[in-house]
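All remarks here apply to the structure that follows.
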Amino acid sequence: MTRRHQRDQEFTAFATARIPALTRTAWMLTGDSQKAEDLVQETLIKVYAKWGPRIDNPAAYAQTTLTRTWISQLRRRSSHETPVADLPERTRRDTDHSLRVTLAAALDRLDPLDRAIVVLRHLDDVSTEDTAQQVGLSSGAVRNRLKRALARLRVDLDLPFHEMLNDGVPS
Amino acid sequence: MTHPDLQDLMRRASDDLAAPETERLVAHAVRAGSRRRSRRRALEVLSVTAVVGLVAGGALLLTGGDNPQTLAPTTSATRSAATPVTSPDPQDLVDKALATYDPGSATRVPDGPSIDTTRRLASDTALEQTLTRLLDGRAKNLTLTHVLGSGMGGHQADTSTDGRSLSFAVNGAAAQVMMGRWDGYDAVGVDDSGAPIAVVEAQSACEAPQKGTPQECAESPAGWYTVGHPNAGGEPGGQELWVDLYTADGWVVRVHSLNTVGEKVGAPVTEGTALDEAESLALASSPDWFVAS
């Protein structure tokens, strides 16, 4: 087996396993199923371009790449583009459909960086320090932004969030 | 809705998202990723005589052979000596020199490489006259405004107005020519591993790896350019075209055309966009937007 063939096999196995998690995060960030797929696609291209033994933790590398790519894309978004919470075409339960729309709308009202921090911390379980590294902020800034974002979500989603407000966030 | 766990909420909300076509995504990633690997290796080979260094404070020192081009440093600069090297990848040199990515702040624009140029934008009157002449008088309702000096980017602390924007109509359809710089903070970003990256050549600036979404670019005598047909939105039949040209001396010119009177405004008024791709590239490539410094 050539080195190229082996690399492709390893990458394919990794990507196939990670796509669901990446798609979930991408959707939470973009609020749009098509944009989420585009973001996942771009992430996978970049991961493959750097694929090799230097990547110690491919899953973490892919997640960082996805977050960084999305943040960078925000800078190129033209002023007339407005994120819209797109409804996935296939849903099975009305309850979760409504939940998805409500959550997407609430996340969309957050500052993009705040949204990324909430998704990383509460969907992907990333530590404050790793979150800070991914979004290019200090740990303190991440904590402050998270506190602000959760306060906003608390109002928008009518949830207590008592434990989240105290979770790693200085009072 | 009463569930208090945000994590559970988010996972429930995304549990039955429509799954993407995994095989297609992976196959495309391998194809496109392979091209990027090849391009990076080609850059390493072609750039063995290029030397890049960084002056503390953000200015970039670019040399080639025995002809150093020293760029004006920012404040608190100490100059590092430029030494010709034959083996290191210049991109690695830039990355190493950029110790950490600096996002700036609400009041401070971050530093970036400064590309040398012997040109500046012509006067407002000259720009208007140039446009009128280049389009043989077809440009109507011409308006010139001063815009961000960073031609394609933008930063919350950037209040510069060194860029120019000419808005006009051709046969009723809206068009615009914008001019600015692609160097400075807009030339700095992070690569896919999160490491700082700076672009210092027109091709790289056009492809914009530091902005996360790579562009397909082609070379022309005036520089490297990319063409886009974004979704114009609005009413059915809406079309949009942009051509961005990046010059070797740090200038970027964008020509933007619609087939409506404004962006997402009304029905199409022309069959195609105000300017086609060839006209747009010719407009972007004109040297007459500039005068000697």
Taking a probe of 1.4 Å and counting only protein heavy atoms, give the total accessible area buried between chains A and B in Å², rounded to the nearest 100.
5200
Tell me, what is the 1.4 Å probe accessible area of B:H28, in Å² to the nearest 10?
60
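I want the local charge near B:W251. Using Cβ-Cβ distances under 14 Å, sum +1 for each Lys or Arg and -1 for each Asp or Glu among the other residues.
Surrounding charge for B:W251 is -3.
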Under the 0.36 nm per residue contour assumption, what length would be gained going from the current alpha-carbon distance of B:E235 and B:T132 to full extension?
34.1 nm
Count, for each residue of A:8-20, the Cβ atoms from other chains sitting within 10 Å of its Cβ, then give me the mean as a whole number.
3
Tell me which lysines have Cα within less than 19 Å of B:K211's Cα, excluding those fewer than 8 residues away on the same chain?
A:K35, A:K46, A:K50, B:K96
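Using a 10 Å cut-off on Cβ to Cβ distances, tally the other chain neighbours for every residue of A:100-113 and report the average as a whole number.
Values: counts 7, 1, 3, 7, 2, 0, 1, 2, 0, 0, 0, 0, 0, 1.
Mean number of neighbouring Cβ atoms from other chains: 2.
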A chain fully extended from B:R37 to B:R11 at 0.36 nm per residue, minus the present Cα-Cα distance, gains in nm 5.9 nm
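With all protein chains present, how much of the accessible area of region A:9-54 (probe radius 1.4 Å) comes from carbon and sulfur, to the nearest whole percent?
Values: 930 of 1650 Å².
Heavy-atom surface of region A:9-54 belonging to carbon and sulfur, 1.4 Å probe: 56 percent.
The values are calculated or read from the model by the stated rules, or taken from the named source; none is laboratory data. Computed from a predicted model, the values in this text were never measured in an experiment. Every residue, glycine as well, gets a Cβ built from its backbone with ideal geometry; the counts of neighbours run over all protein chains shown. Only protein heavy atoms, including side chains, enter the accessible area calculation; ligands, DNA and RNA are left aside. Shrake-Rupley method; radii C 1.70, N 1.55, O 1.52, S 1.80 Å.
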